[in-house]
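So the structure is just underneath, and the comments pick up after that.
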Amino acid sequence: MTLRLRNLGSGSSGNATLIEAHSGTTCSRLLIDCGLRVSEVKKRLQACDLELSDIDAVFVTHEHSDHWGHAASLCRRLGIPLWSSEGTMHAVLGEGADLDELDWNQATDGVPIDLGDLQLLPFTVPHDAREPLQLCCTDGDRRLGVVTDLGHASAHVVRALQGLHGIMLETNHDLDRLRLSAYPPFLKQRISSNLGHLSNPQSAQLLRDVMHPGLRLVLAAHLSERNNAPELARAALAPVLGCNQAEVPVADPEQGSDWWSV
């Protein structure tokens, strides 16, 4: 069995992350979030020798447009299931989303979802959305966590992320850059609140809380293009990992990341 991740884009311009489990004879692929246009997802998949039809299901973490965006269109086009919390579904319906002829499935905190060679375990996170969920994924051997869009690492989040072999971790903003930015005060407050996004120090602390010898992959993600920089995220995480800063991979808003196996 192999379990791997490839980020297709991470940031306010649109988020999408591909998780793949391969048993040797069968393969399951999950797209987490689809804030990118379907044509853009297709282009980024083709860059790694895949097609839209290779996606088996989509999981949407919450209703914000850079995550929900084009998920319904993609699932309807491919005839594949879409998973989200009930709160996310009601939120997008309230914003006028068209869910007709969509194979929507309810995801719930702590309730496993079986998807071929993958098992998903959703968990709630503190974020300013209706019922946001993030994910741990396993192929039965390795465990991979994907955690972005949370204002702080609650005890529940820390428990959910124990025993990981790999994690894609939000490192959204540098505190000084955010404070000095041209963002209006209400937006600075939203980002830095307990329901906003993780700062670099908060991300480093969460990593400390889940660190163990088996955790080999840490991919920094969801960096603010204005209020952070790859070198700042790397500088925060490298001491926890005990590695050189250059060794910490960072997902690019436009290019995403390479494949990473766990």
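The values are calculated or read from the model by the stated rules, or taken from the named source; none is laboratory data. Everything numeric in this text was worked out from a predicted model, so none of it was measured. Every residue, glycine among them, receives a Cβ derived from its backbone with ideal geometry; neighbour counts consider all protein chains shown.
Go through region 63-98 residue by residue and tally those that are in a loop (DSSP other than H, G, I, E, B) and among the hydrophobic types (A, V, I, L, M, F, W, C). Full working, then the answer.
First, the residues of region 63-98 that are in a loop (DSSP other than H, G, I, E, B): 63-70, 79-81, 85, 95-98.
Subset that is among the hydrophobic types (A, V, I, L, M, F, W, C): 68, 80, 97.
So the count comes out to 3.
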- Task: Evaluate region 167-179: report whether one residue or more is in contact with a Gly (Cβ under 9 Å, 6 or more places away or on another chain), among the basic types (Lys, Arg), modelled with pLDDT of 95 or more and surrounded by fewer than 17 Cβ atoms within 10 Å (Cβ to Cβ).
- Result: no
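Do we have residue 34 as among the hydrophobic types (A, V, I, L, M, F, W, C), part of a loop (DSSP other than H, G, I, E, B), under 14 Å from the mean Cα position of the chain (by Cα) and on the phi < 0 side of the Ramachandran plot here?
Numbers: among the hydrophobic types (A, V, I, L, M, F, W, C): yes; part of a loop (DSSP other than H, G, I, E, B): yes; under 14 Å from the mean Cα position of the chain (by Cα): yes; on the phi < 0 side of the Ramachandran plot: yes.
The answer is yes for residue 34.
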- Residue list for region 208-252, filter: among the charged types (D, E, K, R), modelled with pLDDT of 95 or more and either surrounded by 23 or more Cβ atoms within 10 Å (Cβ to Cβ) or touching a strand residue (DSSP E or B) at 6+ places or on another chain (Cβ under 7 Å) (or both): 234
- Message: For region 233-262, which positions are touching a residue at least 60 places away in the same chain (Cβ under 8 Å) and more than 18 Å from the chain's Cα centre (by Cα)?
- Response: 236
- Is it the case that some residue within region 232-255 is of a type in the set (Val, Ile, Thr), assigned to a helix (DSSP H, G or I) and more than 24 Å from residue 132 (Cβ to Cβ)? yes
- Determine if region 199-207 includes at least one residue that is of a type outside the set (Ser, Thr, Tyr), surrounded by fewer than 22 Cβ atoms within 10 Å (Cβ to Cβ), under 19 Å from the mean Cα position of the chain (by Cα) and under 21 Å from residue 17 (Cα atoms). no
- Query: Which one of these is charged (D, E, K, R), crowded, with 17+ Cβ neighbours inside 10 Å, under 22 Å from residue 20 (Cβ atoms) and more than 15 Å from the chain's Cα centre (by Cα): 117, 103?
  - Reply: 117
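Pull up region 178-196, narrow it to residues that are in contact (Cβ under 8 Å) with a residue 60 or more places away in the chain and not aliphatic (A, V, I, L, M), then point me to the one that is farthest from residue 237 (Cα to Cα). Lay out the reasoning, then the answer.
Residues of region 178-196 in contact (Cβ under 8 Å) with a residue 60 or more places away in the chain: 190, 193-196.
Subsequent filtering for residues that are not aliphatic (A, V, I, L, M) retains 190, 193-194, 196.
Details: 190: 24, 193: 21, 194: 21, 196: 20 Å.
Once the filter is applied, the top-ranked residue is 190.
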- Item | Candidate set: region 22-39, residues that are out of contact with any strand residue (DSSP E or B) (no Cβ under 8 Å at 6 or more places or on another chain) and either buried (at least 16 other Cβ atoms within 10 Å of the Cβ) or free of Cβ contacts under 8 Å to residues at least 60 places away in the same chain (or both); chosen: the one farthest from residue 148 (Cα to Cα) | 25
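Restricting attention to region 10-31, which residues are at positive phi and within 19 Å of the chain's Cα centre (by Cα)?
Keep residues of region 10-31 that are at positive phi, which gives 11, 14, 24.
Matches in region 10-31: 11, 14.
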- Query: Can you name the residue in region 38-62 that is assigned to a helix (DSSP H, G or I) and of a type outside the set (D, E, K, R) and, of all such residues, is farthest from residue 87 (Cα to Cα)?
  - Reply: 46
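Listed residues 153, 160; which is over 30 Å from residue 49 (Cβ atoms), in contact with a Leu (Cβ under 7 Å, 6 or more places away or on another chain) and surrounded by 14 or more Cβ atoms within 10 Å (Cβ to Cβ)?
Numbers: 160 fails: in contact with a Leu (Cβ under 7 Å, 6 or more places away or on another chain).
The conditions single out 153.
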- Could you list, in sequence order, the residues of region 94-119 that are over 14 Å from residue 60 (Cα atoms) and not small (Gly, Ala, Ser)? 95, 98, 100, 101, 111, 112, 114, 115, 117, 118, 119
